[in-house]
1. Using a Cα-Cα cut-off of under 12 Å, which aspartates and glutamates could be cross-linked to Lys62, ignoring same-chain neighbours fewer than 8 residues away?
2. So what's the convex hull volume per residue for the Cα atoms of the range 45-93, in Å³?
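What follows is calculated from the coordinates using simple rules that are stated; it is not laboratory data. Treat the numbers as computed from the prediction; the structure is a model and nothing was measured.
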Amino acid sequence: MSDIKQNTKVKTKTRSTQDISARIILFNDEWHTFEEVIDQIILATGYRTAKAQAKTWEVHTKGRSTIYSGDMYKCLNISYILEKIGLSTEVQY
């Protein structure tokens, strides 16, 4: 009888920021104009003007809006750009 060796590999999966789903919440404030917020949302997300306007209106009327949902890495980048002018955001995961 021959010896049969079994090679077992243990796979460990580390989660990167691209594997984690997240979302960005933008909060209303009394300091920024509609135009400033719209322009910053466009810069941060690449949204068209109409979508940025809709998100800005939602922030204004509801006090907050989910600006983007997707992988954590992109959320962190978008949040960083929004916060560059002092907008208040929260990344949730």
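1. Candidates past the 8-residue exclusion: Asp29.
2. 80
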